[in-house]
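Chemist: This is the structure I have questions about; it appears just below.
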Amino acid sequence: MSAATTLPATDDAPELKIEGPWRRAWRRLRRRPAAMVALAVVLIIVAAALLAPWIAPHDPTRQSWTAVRQAPSLAHWFGTDEVGRDVFSRVIWGARASLAAGVVSVMIALVIGVPLGLLAGYVGGWTDAVLSRLTDAMLAIPFLILAIALAAFLGPNLTNAMIAIGVTATPIFIRLTRGQVLAARAEDYVEAARAVGNPHWRIAVRHVLPNVMPPILVQATLTIAAAVIAEASLSFLGLGQQPPMPSWGSMLNSAQRFLGQAPWMAIYPGIAIFLTVLSFNVLGDGLRDALDPRSR
């Protein structure tokens, strides 16, 4: 489907252009300065994570006992930690773990949650009842508590942490997708598709699912922020990224013992977590407004 469709001009009317939904959403998003700044920050963090081997000035795991807990300087922009490792390089490399945990865990939640929510909302009946009760049971447990329990059960490493966060976030997408499908199922275009003889699976996949995706995309953006916090919490507790590989949460865990002597060990990973989570939240709010067809 093209972004814009041109209608032929007549002698009495000028040429008209019908703006596509995604171009309209981008135009609305550009009108929100806070969302555009948040998008720029997210892109910078993503670029830093992808280009970490080339932009990090030092090996993030290399120890130097002659540079233990040195203050920020030209040689070490963010200072060094308790074993002489460059904090700036570790923050850059730590972005990889945090963003990977955020994106991969949300992808897991989408792959599991959206089909189940679509099934529950479209089929209804006992299928909806069973899935809804299971979803309610998982949502009754606090998000972080369930993620910690699953990560501890699976074992302490980044892959298991991402799986735990993804499974924990799945009920959010099941409930959201189910609610959107229940509303879309009663629309006229679904009745028209059913009237012309389309099978139920085709109606659900080709007609209902594309029309419920905008709020799901917004929720995915907001869930990435929650997943970044969850990964940092798991790493802080020793259930995420394992030493010596850097993670913002594990860096905070190491820094807690030296807050008086070397506060920079906690300040910079803390700022990285704060900026990342804030940017994804602001971007999610901007996307929600931009994708809302009722907004102007």
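Chemist: Looking only at the range 242-251, count every residue that is surrounded by fewer than 24 Cβ atoms within 10 Å (Cβ to Cβ) and within 13 Å of Ala100 (Cα to Cα) and tell me the total. Give the steps one after another, and end with the answer.
Modeler: Of all residues in the range 242-251, those surrounded by fewer than 24 Cβ atoms within 10 Å (Cβ to Cβ) come to 242-245.
Now restrict to residues that are within 13 Å of Ala100 (Cα to Cα): none.
Residues in the range 242-251 being surrounded by fewer than 24 Cβ atoms within 10 Å (Cβ to Cβ) and within 13 Å of Ala100 (Cα to Cα): 0 in total.
Chemist: Give the range 247-262 a look and list any residue that's within 21 Å of the chain's Cα centre (by Cα) and part of a helix (DSSP H, G or I), or say none.
Modeler: To start, the set of residues in the range 247-262 that are within 21 Å of the chain's Cα centre (by Cα) comprises 247-250.
Hits for the range 247-262 are Trp248, Gly249, Ser250.
Chemist: Next question. Does Ala52 fit the bill of being buried (at least 18 other Cβ atoms within 10 Å of the Cβ), within 30 Å of Leu291 (Cβ to Cβ), more than 19 Å from the chain's Cα centre (by Cα) and of a type in the set (A, V, I, L, M, F, W, C)? Let's see the steps before the verdict.
Modeler: Values: buried (at least 18 other Cβ atoms within 10 Å of the Cβ): yes; within 30 Å of Leu291 (Cβ to Cβ): no; more than 19 Å from the chain's Cα centre (by Cα): yes; of a type in the set (A, V, I, L, M, F, W, C): yes.
The answer is no for Ala52.
Chemist: Also, quick follow-up: Quick one: what pairs do we get from the range 221-240, first residue more than 11 Å from Ala101 (Cβ to Cβ), second of a type in the set (Lys, Arg) and not in a loop (DSSP other than H, G, I, E, B), C-beta under 9 Å, 6+ apart or different chains?
Modeler: Every condition considered, the pairs that remain are Thr221/Arg288; Leu222/Arg288.
Each row is one residue, and each column tells you yes or no for (1) more than 16 Å from the chain's Cα centre (by Cα); (2) surrounded by 16 or more Cβ atoms within 10 Å (Cβ to Cβ); (3) among the aliphatic types (A, V, I, L, M).
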site	(1), (2), (3)
Asn198	yes, no, no
Pro214	no, yes, no
Ala230	no, yes, yes
Gly240	yes, yes, no
Pro269	yes, yes, no
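Chemist: Could you count how many residues in the range 117-131 are surrounded by fewer than 20 Cβ atoms within 10 Å (Cβ to Cβ) and within 24 Å of the chain's Cα centre (by Cα)? Write out each step before concluding.
Modeler: Here is the first cut: in the range 117-131, the ones surrounded by fewer than 20 Cβ atoms within 10 Å (Cβ to Cβ) are 119, 123-130.
Filter once more, keeping what is within 24 Å of the chain's Cα centre (by Cα): 119.
Counting residues in the range 117-131 that are surrounded by fewer than 20 Cβ atoms within 10 Å (Cβ to Cβ) and within 24 Å of the chain's Cα centre (by Cα) gives 1.
Chemist: Follow-up. When you check Arg194 against the structure, is it farther than 26 Å from Arg288 by Cβ and without any contact (Cβ under 8 Å) to a residue 24 or more places away in the chain, yes or no? Steps first, answer last, please.
Modeler: Working: farther than 26 Å from Arg288 by Cβ: yes; without any contact (Cβ under 8 Å) to a residue 24 or more places away in the chain: yes.
Against the criterion (farther than 26 Å from Arg288 by Cβ and without any contact (Cβ under 8 Å) to a residue 24 or more places away in the chain), Arg194 qualifies.
Chemist: Here is a further query. Condition check: crowded, with 19+ Cβ neighbours inside 10 Å, modelled with pLDDT under 85, of a type outside the set (Ser, Thr, Tyr) and part of a helix (DSSP H, G or I). Does Val208 satisfy that?
Modeler: Details: crowded, with 19+ Cβ neighbours inside 10 Å: yes; modelled with pLDDT under 85: yes; of a type outside the set (Ser, Thr, Tyr): yes; part of a helix (DSSP H, G or I): yes.
Yes; evaluated as a whole, the condition is true for this residue.
Chemist: Of all residues in the range 148-175 being of a type outside the set (A, V, I, L, M) and over 19 Å from the mean Cα position of the chain (by Cα), which is surrounded by the fewest Cβ atoms within 10 Å (Cβ to Cβ)? Give the steps one after another, and end with the answer.
Modeler: First pass over the range 148-175, keeping only residues of a type outside the set (A, V, I, L, M): 153, 155-157, 159-160, 166, 168, 170-171, 173, 175.
Subset that is over 19 Å from the mean Cα position of the chain (by Cα): 153, 155-157.
Numbers: Phe153: 9, Gly155: 11, Pro156: 16, Asn157: 15.
By that ranking, first place goes to Phe153.
Chemist: Aliphatic (A, V, I, L, M), more than 30 Å from Ala232 (Cβ to Cβ) and in contact with a Leu (Cβ under 6 Å, 6 or more places away or on another chain): does that describe Val190?
Modeler: Working: aliphatic (A, V, I, L, M): yes; more than 30 Å from Ala232 (Cβ to Cβ): yes; in contact with a Leu (Cβ under 6 Å, 6 or more places away or on another chain): no.
Answer is no for this residue.
Chemist: Still on this structure: Pairs only if they're at least six apart or on different chains, beta carbon under 9 angstrom, first in the range 123-138 and more than 18 Å from Trp201 (Cα to Cα), second acidic (Asp, Glu) and surrounded by 14 or more Cβ atoms within 10 Å (Cβ to Cβ); list them, first residue then second.
Modeler: Pairs that qualify, where the first residue is more than 18 Å from Trp201 (Cα to Cα) and the partner is acidic (Asp, Glu) and surrounded by 14 or more Cβ atoms within 10 Å (Cβ to Cβ): there are none.
Chemist: When you scan the range 5-100 for helices (runs of 4 or more DSSP H) that lie fully inside it, which ones turn up with 3 or more residues that are modelled with pLDDT under 85, farther than 16 Å from Ile273 by Cα and out of contact with any His (no Cβ under 8 Å at 6 or more places or on another chain)? Outline the logic, then answer.
Modeler: Details: elements: 21-30, 33-50, 52-55.
Passing ranges, in order: 21-30.
The values are calculated or read from the model by the stated rules, or taken from the named source; none is laboratory data. The structure presented is a predicted model; accordingly, all values stated were derived computationally and were not measured. Cβ: placed from backbone, ideal geometry, glycine included. Neighbour counts: every protein chain shown.
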